[in-house]
Each structure stands twice: as structure tokens, then as C-alpha cells.
1. Can you tell me which of (1) surrounded by fewer than 19 Cβ atoms within 10 Å (Cβ to Cβ); (2) within 14 Å of residue 98 (Cβ to Cβ); (3) charged (D, E, K, R) is the one residue 28 doesn't meet?
2. Is it true that some residue in region 24-38 is over 11 Å from the mean Cα position of the chain (by Cα), on the phi > 0 side of the Ramachandran plot and not β-branched (Val, Ile, Thr)?
3. Pairs please, first residue from region 66-87 and closer than 20 Å to residue 5 by Cβ, second anywhere and basic (Lys, Arg), Cβ atoms under 9 Å, 6+ apart in sequence or on different chains.
4. Filter region 8-23 for residues that are in contact (Cβ under 8 Å) with a residue 12 or more places away in the chain and under 13 Å from the mean Cα position of the chain (by Cα); which is farthest from residue 95 (Cα to Cα)?
5. Might you let me know whether region 17-32 holds any residue that is assigned to a helix (DSSP H, G or I), more than 17 Å from residue 77 (Cα to Cα) and modelled with pLDDT of 95 or more?
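The values are calculated or read from the model by the stated rules, or taken from the named source; none is laboratory data. It should be emphasised that the depicted structure is a prediction, and the values quoted were computed from it without experimental measurement. Reconstructed Cβ throughout: ideal geometry from the backbone, glycine too, with neighbour counts over all protein chains shown.
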Amino acid sequence: MTAADFRRIALSLKGVEEYSHARLPAFRVAGRKFASLASQARGYGNLMLTLERQAAFVEEAPESFLPIPGGWGKVGHPYIRLAASEDVLTGALRTAWRPRIDRNAKTSRKKQVAERSGVTDKKRGKRL
């Protein structure tokens, strides 16, 4: 697989858009970044996962995943080798993408319920 494959798979996920983050390709959905190609020159993509999911990926497939050295790896951001199989790359990107979709859906539902019930945003004194 290549950086072009990573990009193709990421952009095939519903609602994903590519943007430039520090002049490097990154991918977001619902306004939240979930992956990037910040390390493509070294043969890696970057994922935004929970620590638990990162640990599971690293344990199950250490040949494909490794925590990013320093602080990023300590918060659940692993590298994924671009040379990983398409199935591995697709599964990993979906795993990073899914929580952003789920969180956005929950936020939208809460906002819709609040709007229907006339609840106000107390911090701003406005109706939602």
C-alpha cells in the first residue's frame, strides 16, 4: 500500500474531507481529525485512537502498528505502516473514523432534542 492508497481509503469513508494540517495531508469528519499522512515520507500514516485501541492494534499486529514516540503515542496516536495490507489499513482507518461519526451523531441528537424542548444555552443565554 502507499500514501495514495491511504488517502483513497480515508476519503471513501462517509463524510471525510482532506485538509492541510501544518502543510501535510490530514483527514477529518464532523470537524474532527482522525488520521493524517504527516509521516508519509517515513512510510507511515498516523491515526487518532484511544490508548486501549492503540494497545490492541500494537499487540495484535506489531509489524503494522507502533505508538508514535513521545507524547503523541502516550495519548493513543500510533503510526501505521503504509506497507500494511489493504484490509489492515481499511480496518484501522475505520476504527479511527467511527468514534468521530458516533460522537457527532450523539451531539446532533442532543441538540435536536434541546431545540424541540426549548432548552437554552445557559452560558450564552440563548435558545439552542
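1. (1)
2. no
3. Partner pairs satisfying both residue conditions: 66/81; 78/53; 79/42.
4. If we take residues in region 8-23 being in contact (Cβ under 8 Å) with a residue 12 or more places away in the chain and under 13 Å from the mean Cα position of the chain (by Cα), then 17 is farthest from residue 95 (Cα to Cα).
5. no
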